[in-house]
Amino acid sequence: MLAALACLSLFAQSAKPPGIDEVLSAYIQALGGAAAIDRITTREVQGSVGLRAHVTYFWQKPDYVLRIGKGNRIGLHGSAGWIAPRRGRTKKLDRADARPLQMDANPPRYVRLKELYPELVPSPPETVEDRRMQVIAAPNNLGVTKFYFDAETHLLRRIEETGETSAYFKTSTDFLEYKEVNATKFPFRIVHSTTEPGGAKEDFRVNKVTDNVPLNPAAFSNPRVDPIAR
């Protein structure tokens with residue numbers, strides 16, 4: 001009987017999910033370490049969505065993003081965002097459209113997970129495509145956002161949320177094909193999907209990442225400004 005109770009106790013301890021600090025610390029180390037991440041203050045990301053749609057992102061610390069596509073420019077300057085079509089008037093960017101910009105331009109932003117989501121709780125392990133995941137959850141008023149970290153590589157694999165942008169549908173972002181860029185890991189494929197009827201799946205494939213490029217800060221708030229500092 002004592003032996004059985006001891007086995008149950010050991011099983012309960014092993015089944016307990018790792019703490020938030022433990023998961024995030026392993027994630028930071030897997031990316032390349034805090035010092036290597038902190039050295040990056042700007043970034044240029046070139047890639048494509050679909051077969052032909054070339055896209056370039058410019059990012060500046062902490063959360064400034066500029067996306068230049070074939071038909072428009074989209075900017076995010078802190079909490080304020082805008083979209084400027086090639087022809088027509090500049091419009092305000094919807095909050096739901098801002099999050100994918102940050103994910104594509106700066107996936108390592110989630111090393112600041114405790115700052116971005118103050119109310120975090122560890123969740124039981126799950127699997128994604130037969131790989132074991134360590135899960136951290138951030139409850140919200142209408143649902144929950146869940147962060148899936150690969151238990152072997154410790155890299156962020158998926159973000160899945162309900163309640164932030166919709167109370168009825170689930171949106172997911174998968175971070176795939178990590179490669180090393182200047183001593184840090186960066187996902188070279190980022191896939192956004194949703195269960196919302198008619199919602200389009202976006203598969204962003206990265207071709208090139210350049211860190212610490214000289215940027216003009218005004219480009220994040222003015223669509224007419226060249227993002228590269230001359």
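General observations
- The number of residues in the stretch 176-187 that are in a strand (DSSP E or B) and either among the basic types (Lys, Arg) or out of contact with any helix residue (DSSP H, G or I) (no Cβ under 6 Å at 6 or more places or on another chain) (or both) comes to 8.
- Contact map, the stretch 24-40: first residue within 13 Å of Leu156 (Cβ to Cβ), second residue loosely packed, with under 15 Cβ neighbours inside 10 Å and of a type in the set (Val, Ile, Thr), Cβ cut-off under 8 Å, separation 6 or more or different chains; pairs are Ala30/Thr153.
- Candidate set from the stretch 123-161 (those that are of a type in the set (S, T, N, Q) and more than 16 Å from Glu177 (Cα to Cα)); member that is surrounded by the most Cβ atoms within 10 Å (Cβ to Cβ): Gln134
- Qualifying residue in the stretch 118-133 (condition: under 23 Å from Arg189 (Cα atoms) and touching a helix residue (DSSP H, G or I) at 6+ places or on another chain (Cβ under 7 Å)): no
- Thr153 of a type in the set (Val, Ile, Thr) and part of a loop (DSSP other than H, G, I, E, B): yes
- For the stretch 188-225, the set of residues classified as assigned to a loop (DSSP other than H, G, I, E, B) and either more than 18 Å from Leu66 (Cβ to Cβ) or among the aromatic types (Phe, Trp, Tyr) (or both) consists of Thr195, Glu196, Pro197, Gly198, Gly199, Ala200, Lys201, listed by residue number.
- Across the stretch 187-221, the number of residues qualifying as of a type outside the set (D, E, K, R), farther than 28 Å from Glu161 by Cβ and either surrounded by 18 or more Cβ atoms within 10 Å (Cβ to Cβ) or touching a residue at least 24 places away in the same chain (Cβ under 8 Å) (or both) comes to 7.
- Criterion violated by Met103 - all others in (1) more than 22 Å from Arg224 (Cβ to Cβ); (2) part of a strand (DSSP E or B) satisfied: (2)
- Residue match in the stretch 103-122 (condition: out of contact with any strand residue (DSSP E or B) (no Cβ under 6 Å at 6 or more places or on another chain), hydrophobic (A, V, I, L, M, F, W, C) and surrounded by 16 or more Cβ atoms within 10 Å (Cβ to Cβ)): yes
- The stretch 113-124 residues that are closer than 9 Å to Ala137 by Cβ, paired with ones that are β-branched (Val, Ile, Thr) and in a helix (DSSP H, G or I) (beta carbon under 7 Å, 6 or more apart): Leu120/Ile20; Pro122/Ile20
- When the stretch 48-93 is filtered for residues that are over 17 Å from Pro223 (Cα atoms) and more than 16 Å from the chain's Cα centre (by Cα), the ones remaining, listed by number, are Ser48, Val49, Gly50, Leu51, Arg52, Ala53, His54.
- Residue check, Val65 among the aliphatic types (A, V, I, L, M), more than 17 Å from Arg158 (Cα to Cα) and touching a helix residue (DSSP H, G or I) at 6+ places or on another chain (Cβ under 6 Å): yes
- With respect to (1) outside any strand (DSSP E or B); (2) without any contact (Cβ under 8 Å) to a residue 40 or more places away in the chain, the lone exception for Ala138 is condition (1).
No lab work stands behind these numbers, since they all come straight from the coordinates. As the structure is a prediction and not an experimental result, all values here were calculated from the model. Here Cβ is always computed from backbone atoms with ideal geometry, including for glycine, and neighbour counts include all displayed protein chains.
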